[in-house]
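For reference, the structure is listed below as structure tokens.
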Amino acid sequence: MTVITVNSPKGRLGPEQRRTLAETLTDAVLVPEVGQFAPSARAGFQVHFTEREPDMMAIGGRLLADAGPDAGAMVIDVTVMDGDWRREVRTEVIERVLAALADAVGLPEPSPAWWVTFRVIDEGSWGSRGTVLSVLSLLDTGVFTEEKADAVRTALGA
């Protein structure tokens, strides 16, 4: 289970950009998480878009409403279940998320005012369907590569 929250100034992302990002941000995390492109795993991902008025966000100590039309701050929060999240895997996710965002808005590279946070929820601390969920129960579904499933088991001591 993964939740990606995109916090942006109101009007920064249009409906088509959000449609694109719903898919590309999902895949930006999914592929490193399970070790392959697995469309059936998309059901375990949610992307939330939160817009804030320009006078409700600031960068460099100035409200975006006062900073001019080129100022734009965004924070993308990626929240994942515990698993194989070594530094290089987290780096890959963050770089893929920033690239997907730049592509969706038509920029050649990500803005330095866009920040990605990456949070791992400890095993046993995520719930749905009336119970606590575990990534371990997902390893035999066929979406994880064998190498990635082994890495998750090792990371969790299972």
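The values are calculated or read from the model by the stated rules, or taken from the named source; none is laboratory data. Because the structure is a prediction, the values reported are computed rather than measured. Cβ: placed from backbone, ideal geometry, glycine included. Neighbour counts: every protein chain shown. Only protein heavy atoms, including side chains, enter the accessible area calculation; ligands, DNA and RNA are left aside. Shrake-Rupley method; radii C 1.70, N 1.55, O 1.52, S 1.80 Å.
What are the pairs with Cβ atoms under 6 angstrom where one residue, in segment 111-140, is under 18 Å from V34 (Cα atoms) and the other, located anywhere, is open to solvent by less than 60 Å² (accessible area, probe 1.4 Å) and among the aromatic types (F, W, Y)? Sequence gap at least six, or different chains.
Every condition considered, the pairs that remain are V120/W85; L133/W126.
Would you confirm whether or not segment 76-92 contains a residue that is at positive phi and out of contact with any Leu (no Cβ under 8 Å at 6 or more places or on another chain)?
There is no residue in segment 76-92 that is at positive phi and out of contact with any Leu (no Cβ under 8 Å at 6 or more places or on another chain).
Just one of the numbered conditions (1) within 17 Å of L25 (Cα to Cα); (2) modelled with pLDDT of 95 or more is not true of R87; which one?
(1)
Looking at A22, A28, A41, which one is under 28 Å from D122 (Cβ atoms), under 16 Å from the mean Cα position of the chain (by Cα), part of a helix (DSSP H, G or I) and without any contact (Cβ under 8 Å) to a residue 40 or more places away in the chain?
A22
For segment 84-126, give me the residue count where each residue is assigned to a loop (DSSP other than H, G, I, E, B) and either under 20 Å from F45 (Cβ atoms) or touching a Phe, Trp or Tyr at 6+ places or on another chain (Cβ under 7 Å) (or both). Break it down stepwise before answering.
Step one: filter segment 84-126 for residues assigned to a loop (DSSP other than H, G, I, E, B), giving 84-86, 106-113, 122-126.
The next check asks that each one be either under 20 Å from F45 (Cβ atoms) or touching a Phe, Trp or Tyr at 6+ places or on another chain (Cβ under 7 Å) (or both); those that pass are 84-85, 122-123, 125-126.
Selection size over segment 84-126: 6.
Residue by residue through segment 44-83, note down the ones that are buried (at least 17 other Cβ atoms within 10 Å of the Cβ), under 23 Å from G14 (Cβ atoms) and either polar (S, T, N, Q) or without any contact (Cβ under 8 Å) to a residue 40 or more places away in the chain (or both).
A67, the sole residue that qualifies.
From (1) surrounded by fewer than 14 Cβ atoms within 10 Å (Cβ to Cβ); (2) modelled with pLDDT of 95 or more, pick out the condition that doesn't hold for L101.
(1)
Within segment 118-154, track down each residue that is surrounded by fewer than 17 Cβ atoms within 10 Å (Cβ to Cβ) and small (G, A, S).
G124, S125, G127, S128, G130, S134, S137, G142
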